[in-house]
Amino acid sequence: MNSNELFGKAVEASANSYSPYSKFKVGAALLTESGNIYTGCNIENASYSLTMCAERTAVFKAVSQGEKNFKAIAIAGSPNDDFSNPCPPCGACLQVLSEFCGDDFIIILSDGEHKLSDFLPHRFNSENLH
Ligand code: THU
């Protein structure tokens, strides 16, 4: 599975986006070290702050299925089904990804590959708790 293919899976996943309020569809495709793919979409709520992002939907699906070793995530977001503009992960999703992923974890956007450390260079993690 190359970057373009994984990005295509994220675009596909955005079709299930439940986003009647923002009208901004997001899809994510999370590739595990074992080669499985977990997809997610954003799921909004009339009580806006309860909205769940596509990336966290994908991570929580994977972890709840017993998978915690991740290689890459592709993210596609758009207000109009044109996914050419990059949709970077929000801070909450970066923090959740950071629980399971190292600095070199790959984040694929419409403009190509990035590393988790590009977005979250000084992250809070379990080491800070000791
Ligand atoms: N959204 C995501 O799904 N992922 C992100 O990383 C950024 C934002 C969603 C949340 C909301 O449903 C919509 O995009 C607009 O903020």
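The values are calculated or read from the model by the stated rules, or taken from the named source; none is laboratory data. These numbers come from a predicted model, not from an experiment. Cβ: placed from backbone, ideal geometry, glycine included. Neighbour counts: every protein chain shown. Side chains are part of the model used for accessible areas, which takes the heavy atoms of the whole protein and leaves out ligands, DNA and RNA. Shrake-Rupley method; radii C 1.70, N 1.55, O 1.52, S 1.80 Å.
Going by the conditions given, is C53 closer than 22 Å to N4 by Cα and surrounded by fewer than 21 Cβ atoms within 10 Å (Cβ to Cβ)? The answer is no for C53.
Suppose we keep only residues that are exposed (fewer than 15 other Cβ atoms within 10 Å of the Cβ) and not in a loop (DSSP other than H, G, I, E, B) within region 87-112. Which one would you say is farthest from the ligand (Cβ to nearest atom)? This residue is G112. Checking the stated criteria, V11 turns out to be out of contact with any Lys or Arg (no Cβ under 9 Å at 6 or more places or on another chain) and more than 27 Å from E127 (Cα to Cα).
Among the residues making up region 3-38, a single one is open to solvent by 50 Å² or more (accessible area, probe 1.4 Å) and of a type in the set (V, I, T): I37.
Residue-by-condition table, conditions (1) within 8 Å of the ligand (Cβ to nearest atom); (2) part of a loop (DSSP other than H, G, I, E, B); (3) not aromatic (F, W, Y):
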| site | (1), (2), (3) |
| --- | --- |
| S22 | yes, yes, yes |
| A28 | yes, no, yes |
| E55 | yes, no, yes |
| I73 | no, no, yes |
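Out of curiosity, is F119 modelled with pLDDT of 95 or more, of a type in the set (A, V, I, L, M, F, W, C) and open to solvent by 70 Å² or more (accessible area, probe 1.4 Å)? So F119 fails the test.
For beta carbons closer than 6 Å, sequence separation of 6+ or different chains, a first residue in region 64-86 that is surrounded by 13 or more Cβ atoms within 10 Å (Cβ to Cβ) and a second that is assigned to a loop (DSSP other than H, G, I, E, B) and among the hydroxyl-bearing types (S, T, Y), the qualifying pairs are F83/S110; P86/S110.
Only residues that are assigned to a helix (DSSP H, G or I) and within 16 Å of the chain's Cα centre (by Cα) were counted across region 30-53, and they come to 0.
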